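See structure below.
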């Protein structure tokens, strides 16, 4: 019988096991009896035993570790016990749809792996900056960084999994999946794309990707392994080094962004607690209809406040407009915004590069522009009188 092995490292995550088993059971029903799904739980917490009893028959395997191996070591240990022609590496809190394997197998063809579309932070992950059609090429990886948000997107042929990845267990958690994709790309392995959204990546604040110091150490280790194993030629090694430097700079830029966002959100909350409102400021200036630029976290919060206070949102503007699922019509700055219905103002929800975007909007539209930071500052100043 054809077999697919699902390998799930578990670290103090017993609470996820029943849901994971339910997901696999639903996937088994969808794919039918011609395939058997083997589920391997790799318990990477030496201080916590996971009992096999009650979890299923021979199709479920539990490996209890005597030492903490890290997520990379846990995945490789699980792989050593895998019987499947195909392998799926899942994180303990990931979500696959029942049709996951049917959809992935239909798209893999003769390729070594297939990558599906994914929901990440409640929206499609791929966009203008990360176009799905280019995501898994070697050139894109060496230029832009890791194109796959989670290994749960990828169904792999077991024989295609890189030996370099299997024998070089990373000491620093965070980038082992990117190491696998780079090894496979450097070895000439092929990736197919699946446009269907059959996977949801769950983000928790305990994720390794939130630990910047650990991620930087992991990415540095990744580069050392690839160079030591000579996965790439000299020209590609230079691109690899440049890409890792860009990742480092981008991580610092994001830290600056999140720090500014933290203070803005803190001030915004304080304004509300003191009975103030940034939308009241808009009403006092005769603003009754607006367009909102930016659909990040700040943009979504701004939209909710506008909806509660009765200011009409005519449309949204975002560089990734075609990837946004929303009840409002969304456009990019390149669209003919002057031809749309007039609005009293455009509200800019960005916390970086606000001035450049504001100038571009004014160049394209005859309209007032307010930034979220400017509105919060004015509301704070007015609050001194409240």
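Which of the following residues is within 22 Å of the chain's Cα centre (by Cα) and in the same structural domain as residue 377 (by TED's automatic domain parsing): 315, 293?
On the way: 315 fails: within 22 Å of the chain's Cα centre (by Cα).
Criteria check complete, one pass: 293.
To keep it simple, each residue is scored yes or no on (1) surrounded by 20 or more Cβ atoms within 10 Å (Cβ to Cβ); (2) more than 30 Å from residue 69 (Cα to Cα).
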{"residue": "123", "(1), (2)": "no, yes"}
{"residue": "127", "(1), (2)": "no, yes"}
{"residue": "130", "(1), (2)": "no, yes"}
{"residue": "138", "(1), (2)": "no, no"}
{"residue": "141", "(1), (2)": "yes, no"}
{"residue": "148", "(1), (2)": "yes, no"}
{"residue": "168", "(1), (2)": "yes, no"}
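With respect to the numbered conditions (1) part of a loop (DSSP other than H, G, I, E, B); (2) within 30 Å of residue 212 (Cα to Cα), which one is the sole condition not fulfilled by residue 268?
Against the list (1) part of a loop (DSSP other than H, G, I, E, B); (2) within 30 Å of residue 212 (Cα to Cα), residue 268 comes up short only on (1).
Give me a count of the residues in segment 96-135 that are under 21 Å from residue 75 (Cα atoms) and either without any contact (Cβ under 8 Å) to a residue 40 or more places away in the chain or out of contact with any helix residue (DSSP H, G or I) (no Cβ under 7 Å at 6 or more places or on another chain) (or both).
Residues flagged as under 21 Å from residue 75 (Cα atoms) and either without any contact (Cβ under 8 Å) to a residue 40 or more places away in the chain or out of contact with any helix residue (DSSP H, G or I) (no Cβ under 7 Å at 6 or more places or on another chain) (or both) within segment 96-135 amount to 1.
When the residues of segment 338-376 are filtered to those that are assigned to a helix (DSSP H, G or I), touching a residue at least 40 places away in the same chain (Cβ under 8 Å) and farther than 14 Å from residue 302 by Cβ, which remaining residue is nearest to the chain's Cα centre (by Cα)? Show your work before the answer.
We begin by selecting, within segment 338-376, every residue assigned to a helix (DSSP H, G or I); these are 338-339, 354-364, 372-376.
Within this subset, residues satisfying the condition of being touching a residue at least 40 places away in the same chain (Cβ under 8 Å) are 357, 361, 372-373, 375-376.
Now restrict to residues that are farther than 14 Å from residue 302 by Cβ: 357, 361.
Numbers: 357: 25, 361: 29 Å.
Of everything passing the filter in segment 338-376, 357 is nearest to the chain's Cα centre (by Cα).
Tell me which residues, restricted to segment 171-189, are touching a residue at least 40 places away in the same chain (Cβ under 8 Å) and either crowded, with 23+ Cβ neighbours inside 10 Å or under 12 Å from residue 148 (Cα atoms) (or both). Walk me through how you get there before you give the answer.
Here is the first cut: in segment 171-189, the residues touching a residue at least 40 places away in the same chain (Cβ under 8 Å) are 171-179, 181-187, 189.
Listed by number, the residues that qualify are 174, 175, 176, 177, 178, 179, 181, 182, 183, 184, 185.
Can you report the number of residues in segment 296-311 which are closer than 19 Å to residue 263 by Cα, more than 23 Å from the chain's Cα centre (by Cα) and assigned to a loop (DSSP other than H, G, I, E, B)?
Residues meeting the conditions: 0.
For segment 96-138, what are the residues that are closer than 25 Å to residue 17 by Cα, at pLDDT 95 or above and in a loop (DSSP other than H, G, I, E, B)?
97, 98, 99, listed by residue number.
Going through segment 318-327 one residue at a time, which ones are touching a strand residue (DSSP E or B) at 6+ places or on another chain (Cβ under 9 Å) and within 12 Å of residue 293 (Cα to Cα)? Full working, then the answer.
Filtering segment 318-327 down to residues touching a strand residue (DSSP E or B) at 6+ places or on another chain (Cβ under 9 Å) leaves 318, 320-326.
Scanning segment 318-327 gives 318, 320, 321.
Can you go through 47, 91 and tell me which one is in the same structural domain as residue 136 (by TED's automatic domain parsing) and free of Cβ contacts under 8 Å to residues at least 12 places away in the same chain?
On the way: 91 fails: free of Cβ contacts under 8 Å to residues at least 12 places away in the same chain.
After ruling out the rest, the residue left standing is 47.
The values are calculated or read from the model by the stated rules, or taken from the named source; none is laboratory data. Quick caveat, the model's predicted, so the values are computed rather than measured. Every residue, glycine as well, gets a Cβ built from its backbone with ideal geometry; the counts of neighbours run over all protein chains shown.
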